[in-house]
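*Asks:* Would you mind keeping the following structure in view while I ask a few things?
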Amino acid sequence: MIECIKICLFFILSPERSVTVFSNGTLRIVQLTEKDGGHYLCMFQRPNGEDMELFQVEVLMTPPKIKHLGSAQKRVTYGENVQVDCVASGLPDPEVSWSLPDGTIINNALQSDDSGTRFRRYVMFAEKPSFAMPNIEILPIKQDGTTITWTLPNGLVLDKPQTIGRTTFLSNGTLQLREVATFDRGTYVCQAMNTFGSSTLSYPVAVTVYPPRITNALPSITRVHRGSPVTLNCIAAGIPKPEITWTLPGRTTLVPNNRFTAQGGIHMTVEGSLVIKDPMLMNSGIYKCNAKNPLGRCLNELYLTIIRM
């Protein structure tokens, strides 16, 4: 007998992307972006049950970074040529641009002043086209940094590094959520602001959950000879991973790696299988496999008969 109780089930929200599923089960996504990163759940059915596999896809991206080459301040004499290199790295490749003090394109020689030499301030920045959160340096004067705020799905706004419950806003701008639950799903909005303006990026978060289900079929009656070791398997799928326990005929409940020696050395393995090393006639009875996670539970039972040689 199989009895499954389901509490609730949430589905992954599919983005509007070019997604293809082939007849062999392969999933193809064209032109990945950072929004395609996350968990992908594959579920399939077989004649003897169903199973699932969870895949995590990480889209590799790095923010723009400018490599400093030599001194941050350059002193040149009137009439000389000056060259300032800007080497930027990032994934995808960042766009590099220069902004001069007067807003015009740089010439080969600087204009004169009364002293014959002068300091010039240059603004150098590299930016990622999709999300303008520049790494800015103003030379030689100091420039205020970028301010980052996070807006949570419940409307709470975090404008400085802090920890509220399971949510932490780190000093580097990263938002961390610990022990994610179904009510954490929603859209998280990051806003970056500096003297050049502001930019906003939204992160839809779908929490993937699935109630437990025992995927292997247990026979209703199992017969073994007295003294012959027997292993009863119980395989369950679900997200979060279900906890498996066994209830013995005497209503004793076993958990993995908890030995129970009063009835012939019965114990559970870490995989959830029940092992009876030396079954005796008194071990006959109903054995129940229980799989449970926060979304519900699933029960499967069999009758084990120990027969004489």
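Nothing in this text is a laboratory measurement; each read-out follows from the coordinates by a stated rule. This one's a predicted model, so the numbers in the text were calculated from it and none came from an experiment. Using ideal geometry, Cβ is built from the backbone for each residue, glycine included, and neighbour counts are taken over all protein chains shown.
*Asks:* Quote to one decimal, in nm, the extra length available between GLU243 and LYS67 on full extension: 0.36 nm per residue of separation minus the C-alpha distance between them.
*Replies:* On the way: separation 176, 0.36 × 176 = 63.36 nm, distance 5.05 nm.
Between GLU243 and LYS67, full extension yields an extra 58.3 nm.
*Asks:* May I pose another question? Would you pull out the residues with amide H under 5 Å of THR222's amide H, same chain only if 5 or more places away, H placed 1.01 Å from N?
*Replies:* Residues meeting the criterion, in which the H sits 1.01 Å from N, are TYR303, LEU304, THR305.
*Asks:* Need the C-alpha centroid separation for segment 206-249 versus segment 162-202, integer Å.
*Replies:* Measuring centre to centre over Cα atoms gives 40 Å.
*Asks:* With labels modelled as points extended 7 Å from the Cα through the Cβ direction, what inter-label distance (nm, one decimal) is found for ARG223 paired with THR195?
*Replies:* Going from the ARG223 label point to the THR195 one covers 8.9 nm.
*Asks:* Now, a different point. Extending each Cα 7 Å along its Cβ direction at CYS42 and LEU175, get the distance between those two points in nm, one decimal.
*Replies:* 3.1
*Asks:* Between GLU50 and VAL87, what length in nm is gained on full extension when 0.36 nm per residue of separation is reduced by their alpha carbon distance? Can you show the working numbers first?
*Replies:* On the way: separation 37, 0.36 × 37 = 13.32 nm, distance 5.33 nm.
Full-extension gain reported as 8.0 nm.
*Asks:* Amide H to amide H under 5 Å from ALA236: which residues, 5+ apart in sequence or cross-chain, H placed 1.01 Å off N in plane?
*Replies:* THR215
*Asks:* Test of understanding: what is the full-extension gain from VAL59 to MET282, defined as 0.36 nm times their sequence separation minus their Cα-Cα distance?
*Replies:* Values: separation 223, 0.36 × 223 = 80.28 nm, distance 5.72 nm.
Separation in residues times 0.36 nm, less the Cα-Cα distance, equals 74.6 nm.
*Asks:* So what's the net charge close to ARG226: Lys and Arg +1, Asp and Glu -1, counting the other residues with Cβ under 10 Å from its Cβ?
*Replies:* On the way: positive: ARG308; negative: ASP278.
Taking every Cβ under 10 Å from that of ARG226, the sum is 0.
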